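Step one of this worksheet: look at the structure below.
The values are calculated or read from the model by the stated rules, or taken from the named source; none is laboratory data. As the structure is a computational prediction, the values presented were derived from the model and not from experiment. Neighbour counts run over all protein chains shown; Cβ positions are idealised from the backbone, glycine included. Side chains are part of the model used for accessible areas, which takes the heavy atoms of the whole protein and leaves out ligands, DNA and RNA. Shrake-Rupley method; radii C 1.70, N 1.55, O 1.52, S 1.80 Å.
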Amino acid sequence: MSSLIQRRLNVRNLAEVIEGAPRDAAWIEEEHRTSLADRFRAVPATERRRLDAWMVEHAGRPSTPFAWSPATARRILGNNALRRVQGDPEDILRAVRDELADQLLRATRGYARPGSLGHWLASVNHPILGLITAEAVNWATQLLECLPGDDLEWTVAASDVYVDLAGARTTLRGRRDIVVSTDFGRIIVRVRSGQPGKSTGPGLRSDLVVETLADPHGRAPRRYLGVWPDAGLVLGVDGTMENVRAGARDLLRTAVAQRRHALVLAA
Amino acid sequence: MLIPTTVALLADVVRGDRSRRPPRDDASAAGLRALLEDHFFELLGPQLRVTPLIISSANLRGTGSGRDLGDGTLSHARGMIVSTIFRLLVAQVHVEDPFDDAVTAWRGDRPRDPLLDAVLHLDPDQSARLRADVEAHYRVLLSGLGTIPSSWLPRTSLRVRQLLAGGNAELRDVIDLMVGSNRATVANVALVDITTSPLGAGAERAMRYHALVQTLRSGVVPLRTVAFSSATGEFWALDVDHALLVRAVGDVVDVVARATVTP
């Protein structure tokens, strides 16, 4: 049976759930990847589908189209800013401004494609940029506040992980913010706003399976942790084979549910 | 005990005297949670409600003399606009025109907010009144705020949600400004509430509520809770201790007790 770890979020508890992660994590072979791709291929898709933990948590229901806003931009900007100030957290505001300037510079030079963050930032006026700055500072500071202590080696994840399933017209996305490296493997931390819901476990397990698939050696992280600073909670799943399998099943179920929703909408 | 505000700037009063900070208290939160759980169980019973009873700082404010003045929509809109301006000021953003800049930022953040729509469709008289009102609040904020250094780790409009009583009650809060870190060995976090109303008993209850909810969320008792009125320019500061937090529990229990009384 796969179980969910739950603790109140503070530095001590987070360090405990990181240090207490099981040393042996599951790993997947090529046959597992092939088998998963086969199963996804069996779920017809009229267009390319993209699945992630959010969709698993919402049972494949279609979401509103994505639009940039201070709230949706804060994670990228905040994480990049935190990467800039790693070791010197005194000036998060300056790091956020530097990150904004870089994004705007990219847009000015024509490197930002339409729809990208840089492209959107270049189109907004300065009060909105001010609010974006405030949101990104909030994100980076909150993340810094819930990071593990100095004894642990952590890095801000360069990006989320994406896995393309061959021939299944499916891309899986795994959300991650912090990667903690230990002698026995990695531990992934992802941060979400609001509070965890009833389907948080399946969401974390689906992120776990995507992270495992994205690893070149197929090695699962020792533990996948979800942090909810607004609620002051940390939840996690271990990188066991049971959890990886359960995560894969949840993603498949979501693909089936998504297909049903698409058929209903088309009818 | 309320700290007399002889200093002129909010930034000077927020963090107090560094040499007098008490050690970090991460033991009280569990007891306070248990206390709340016991009271909630008595009031709400063991049955799971369909929707949780939601408690926010507005409930605490509304129970005393600290109610917002004036027309509901206008005062709510004024609060939103002043809060947005405050965020811009803390982020050290140059504010050209407080009303226009805040409305632009608000529109960029939540373009479909019905309250924003109401503001954009005010008749010219009401719009002019709101603009003048916002300008006055902005002047007070500007003269009373001071500069919040980035090294204080300021974060604005922080949302907090705490489920209690097995999901039967939910404490919600938005903290206008939080500075300091919970990682320090001494109490280090200060909370600031910006209100567009004059300070009254309701504001004091809200200050205690912010401290309680932050303690429950982070597990660490904050150093200080401050309220600043952009109507009058006065600010109140309270050092947070166990007695204050127990009082805050009492305030919350009173709200829940009133909400559960059948008419």
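Restricting the search to the range A:174-195, which residues are within 14 Å of chain B (Cβ to nearest Cβ) and of a type outside the set (K, R)? Listed by number, the residues that qualify are A:V191, A:S193, A:G194, A:Q195.
For the residues B:T156, B:T51, the requirement of being crowded, with 18+ Cβ neighbours inside 10 Å and assigned by TED's automatic domain parsing to the domain that holds B:A11 singles out B:T156.
Per-residue answers, yes or no, for (1) open to solvent by 50 Å² or more (accessible area, probe 1.4 Å); (2) modelled with pLDDT under 95; (3) at negative phi:
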residue	(1), (2), (3)
A:D150	yes, yes, yes
A:W154	no, yes, yes
A:S193	yes, yes, yes
A:K198	yes, yes, yes
A:R205	no, no, yes
A:V209	no, no, yes
A:V227	no, no, yes
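Here is a yes/no grid of residues against (1) over 22 Å from A:D160 (Cα atoms); (2) open to solvent by 20 Å² or more (accessible area, probe 1.4 Å):
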| residue | (1), (2) |
| --- | --- |
| A:I18 | no, no |
| A:D24 | yes, yes |
| A:W27 | no, yes |
| A:S35 | yes, yes |
| A:R41 | yes, yes |
| A:M55 | no, yes |
| A:A59 | no, yes |
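Residues satisfying the criterion are present in the range A:35-51 (criterion: polar (S, T, N, Q) and farther than 21 Å from A:T133 by Cβ).
Please verify whether the range B:167-176 includes one or more residues that are closer than 24 Å to A:L143 by Cα, buried (at least 23 other Cβ atoms within 10 Å of the Cβ) and of a type in the set (D, E). Checking the range B:167-176: at least one residue is closer than 24 Å to A:L143 by Cα, buried (at least 23 other Cβ atoms within 10 Å of the Cβ) and of a type in the set (D, E). Scanning the range B:231-258 for residues that are open to solvent by 50 Å² or more (accessible area, probe 1.4 Å) and of a type in the set (F, W, Y) gives a single hit, B:W236. Scanning for something in contact with a strand residue (DSSP E or B) (Cβ under 9 Å, 6 or more places away or on another chain) and at pLDDT 90 or above, does the range A:114-128 turn up at least one residue? No, there is no match, as no residue in the range A:114-128 is in contact with a strand residue (DSSP E or B) (Cβ under 9 Å, 6 or more places away or on another chain) and at pLDDT 90 or above.
Restricting to helices (runs of 4 or more DSSP H) lying wholly in the range B:71-125: which have 2 or more residues that are within 14 Å of chain A (Cβ to nearest Cβ) and in contact with a Lys or Arg (Cβ under 9 Å, 6 or more places away or on another chain)? Because the criterion is at least 2 residues that are within 14 Å of chain A (Cβ to nearest Cβ) and in contact with a Lys or Arg (Cβ under 9 Å, 6 or more places away or on another chain), the helices (runs of 4 or more DSSP H) in the range B:71-125 that meet it are B:98-109. Among the residues of the range B:69-103, those identified as small (G, A, S), open to solvent by 20 Å² or more (accessible area, probe 1.4 Å) and at pLDDT below 90 are B:G70, B:G72. Evaluating B:I148 against the criteria (1) in a loop (DSSP other than H, G, I, E, B); (2) surrounded by fewer than 20 Cβ atoms within 10 Å (Cβ to Cβ) leaves one unmet condition, (2). In the condition set (1) among the aliphatic types (A, V, I, L, M); (2) open to solvent by 30 Å² or more (accessible area, probe 1.4 Å); (3) in contact with a helix residue (DSSP H, G or I) (Cβ under 9 Å, 6 or more places away or on another chain), B:V119 is compliant with all but (2). Only one entry in B:T196, B:T185, B:T215 is among the hydroxyl-bearing types (S, T, Y) and more than 14 Å from chain A (Cβ to nearest Cβ), namely B:T196.
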